[in-house]
1. Out of 277, 256, 252, report the one residue that is closer than 30 Å to residue 159 by Cα, at pLDDT below 90 and in contact with a strand residue (DSSP E or B) (Cβ under 8 Å, 6 or more places away or on another chain).
2. Being hydroxyl-bearing (Ser, Thr, Tyr) and either part of a loop (DSSP other than H, G, I, E, B) or at pLDDT below 65 (or both) is the filter here; which residues of the range 1-43 pass it?
3. In this structure, is residue 55 under 30 Å from residue 21 (Cβ atoms) and either in the same structural domain as residue 37 (by the TED database) or among the aromatic types (Phe, Trp, Tyr) (or both)?
4. Given the criteria part of a helix (DSSP H, G or I) and touching a Gly at 6+ places or on another chain (Cβ under 8 Å), does residue 129 qualify?
5. Going through 85, 80 one at a time, which residue ends up being surrounded by 11 or more Cβ atoms within 10 Å (Cβ to Cβ), modelled with pLDDT of 75 or more and in the same structural domain as residue 143 (by the TED database)?
6. How many of the residues in the range 77-125 are among the polar types (S, T, N, Q) and over 21 Å from the mean Cα position of the chain (by Cα)?
7. Of everything in the range 288-303, what is under 17 Å from residue 216 (Cα atoms) and without any contact (Cβ under 8 Å) to a residue 40 or more places away in the chain? Give them in sequence order.
8. Mind listing whichever residues of the range 65-121 are closer than 21 Å to residue 41 by Cα, of a type outside the set (Phe, Trp, Tyr) and in a helix (DSSP H, G or I)?
Amino acid sequence: MEVPGAPFDRLGSDHPHYLRLREVVRELLAHPDREPERVELALFLRGRDHHYVLRPTALRARDQARAGLIVALQDVTYLRDQEARFEQLVATLSHELGSPLTSLRMAVELLGRDGGLGAGPRALVGAAHEDVERLQDLAQRLLDLSRARATSIPIERRNVDLRDVIPRTLKLFVLQAREKGVALESAVATGGLTIAGDPTKLTWALSNLLANALRYTPAGGSVRVEAAAADGSVVVSVSDTGGGIAPDQQERIFDRFVQSGEGGNIGAAGLGLAIVRDIVQAHGGRIHLDSTIGVGSRFTLELPRG
């Protein structure tokens, strides 16, 4: 419908789609000092939700004051449908790969302990073990990808004592640390570590940091988790004695599809640290990195106390 010359908010329609659009446009107009940001909304049409992106462009007068808005609606329903299918595929793959790969790794490790193997078969078993580790790493990245959108969902807040979350998460990495010859250490305060947060997502965040630390810490090194109360917040840090991250790469480390590499090199595409940042920010906190090449890295989370 076109009504040339009629003010948008005076069309007189009571259709719910018009009322929803009017609400969004009014919100955009309510802040003339800001650059308008694009907005996505869902409208129920023909028996299902259709997704639209509103792309506003400010009209400027000669004095650069905002005189109005041009708003274009782009139908992105097809894109959202494809994203949903892709996320379902990734989640299914990561789940289906996890259990058989764990069983396969255990079988290969048992073969490797067989003292009767000759040099040739032992080399083949070693190569198989490396391949299984690569597949497990791929499955973990798929799992990270399936969780990436989950972090945008509002967290389920409850009183969470990090004195429970941290030891429980550390237990998941005891075997891996022992196999790598890396010392897994912790120093957790005896009180003051209760926050209002989501225990599941906090476990995700801590698990990602521990997995990265163990991945890039050589045998004989150490990974340490510390937690203490400080000025209305809880400070949790995960430090390692790995290769460290170069200063020029530290700014990118929390970007999606960027993964740190040993010795300061950016490695294969990853989502882990981006997810950690999203989880921390969803809790009203912040995360920062201190790293020195040849010394190691420390990721510090500051979370408001509950």
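The values are calculated or read from the model by the stated rules, or taken from the named source; none is laboratory data. All values reported here derive from a predicted model rather than from experimental measurement. Please note: Cβ atoms are built from the backbone with ideal geometry, for glycine as well, and neighbour counts cover all protein chains shown.
1. Of 277, 256, 252, the one residue that is closer than 30 Å to residue 159 by Cα, at pLDDT below 90 and in contact with a strand residue (DSSP E or B) (Cβ under 8 Å, 6 or more places away or on another chain) is 277.
2. Listed by number, the list holds a single entry, 13.
3. Here the answer is yes, as residue 55 does meet what is asked.
4. Criteria met by residue 129.
5. Only one candidate passes the filter, namely 80.
6. 4
7. Result: 290, single match.
8. Of everything in the range 65-121, those that are closer than 21 Å to residue 41 by Cα, of a type outside the set (Phe, Trp, Tyr) and in a helix (DSSP H, G or I) turn out to be 77, 79, 80, 81, 82, 83, 84, 85, 87.
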